[in-house]
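For reference, the structure is listed below as structure tokens.
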Amino acid sequence: MPVRADFQRARNEREKSARRNEILDAADGLLLEAGNERFAISALAARVGVSKSTIFLYFANKEELLLALYARSFLRIVTQLGERLTPGMTGRAFCEAFVDCVMANPSMLLLRSQLASTIERNVTPEVMVATKTEILEYGTALTNRVEAELGLQSGYGIRMQMALINLISGAAQADTSPYLDMESLPEDIADFFQVAETRKVFMNGAEFIFCGATGRPFD
């Protein structure tokens with residue numbers, strides 16, 4: 001496949017960053033359609049309109065690309081959640097903001113289940129450390145704000161947020177309702193699947209986590 005005329009080798013860092021982002025945008029859409037296990041560089045290259053070798057000019061392999069996509073989704077969640085923080089907000093309001101921001105960036109949840117077992121094992125230590133460092137920097141800044149705005153004891157913000165991330169990751173993996181035709185199911189079975197819907201499961205568990213971390217009521 002010939003390389004797009006507007007996608008030749010980048011001449012400067014700004015062009016390189018723009019092309020990386022275009023690839024990641026396409027990868028995000030493909031991941032949501034195909035899922036992590038069926039995600040393929042060949043399909044991504046076809047979607048962007050370039051050759052596979054062009055993709056590899058920007059990412060060393062599939063896992064490095066997926067790690068970059070994971071990090072970008074995570075940083076977007078951090079940014080969006082930071083924008084919704086308000087002084088003295090209730091636990092319910094915080095957890096609703098949390099789940100809204102995560103579910104607005106579903107690639108993070110899709111990739112998280114494969115992060116340690118597959119993705120991080122197939123990138124160089126340098127790439128993994130650089131990515132973790134960026135995530136830690138943004139995450140620490142958000143944690144400091146969460147502790148200040150919610151009046152948490154130092155160190156409790158990161159523990160609460162990690163518990164919430166693990167909770168929503170597990171809830172999302174157990175939620176099959178997005179893949180079912182709910183109208184074709186018997187009413188009692190459809191009701192059962194809806195009870196297990198990601199947001200409902202998350203909010204039920206989040207109340208226990210928030211109250212345990214803060215000693216405050218949820219509302």
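The values are calculated or read from the model by the stated rules, or taken from the named source; none is laboratory data. It should be emphasised that the depicted structure is a prediction, and the values quoted were computed from it without experimental measurement. We place every Cβ from the backbone using ideal geometry, glycine too, and count neighbours over all the protein chains shown.
Answer yes if at least one residue in region 71-91 is of a type in the set (Asp, Glu), surrounded by fewer than 18 Cβ atoms within 10 Å (Cβ to Cβ), within 13 Å of the chain's Cα centre (by Cα) and in the same structural domain as Glu126 (by TED's automatic domain parsing), and no otherwise. Checking region 71-91: not a single residue is of a type in the set (Asp, Glu), surrounded by fewer than 18 Cβ atoms within 10 Å (Cβ to Cβ), within 13 Å of the chain's Cα centre (by Cα) and in the same structural domain as Glu126 (by TED's automatic domain parsing). Yes or no: Tyr70 farther than 28 Å from Asn166 by Cβ and touching a helix residue (DSSP H, G or I) at 6+ places or on another chain (Cβ under 9 Å)? In short, no.
The number of residues in region 76-134 that are closer than 17 Å to Leu150 by Cβ and in a loop (DSSP other than H, G, I, E, B) comes to 6. Filtered by the rule that a residue be in contact with a helix residue (DSSP H, G or I) (Cβ under 8 Å, 6 or more places away or on another chain), surrounded by 12 or more Cβ atoms within 10 Å (Cβ to Cβ) and in a loop (DSSP other than H, G, I, E, B), region 8-44 gives Ala10, Asn36, Phe39, Ala40.
Close Cβ contacts (under 6 Å, 6 or more residues apart or on different chains) running from residues in region 53-70 that are without any contact (Cβ under 8 Å) to a residue 60 or more places away in the chain to residues that are surrounded by 20 or more Cβ atoms within 10 Å (Cβ to Cβ) and assigned to a loop (DSSP other than H, G, I, E, B) comprise Leu65/Phe59.
In region 101-134, how many are within 21 Å of Gly170 (Cβ to Cβ), more than 11 Å from the chain's Cα centre (by Cα) and either free of Cβ contacts under 8 Å to residues at least 12 places away in the same chain or exposed (fewer than 15 other Cβ atoms within 10 Å of the Cβ) (or both)? The total comes to 2.
Report whether or not Leu81 is closer than 27 Å to Leu30 by Cα and either aliphatic (A, V, I, L, M) or modelled with pLDDT under 90 (or both). When the stated conditions are applied, Leu81 passes them.
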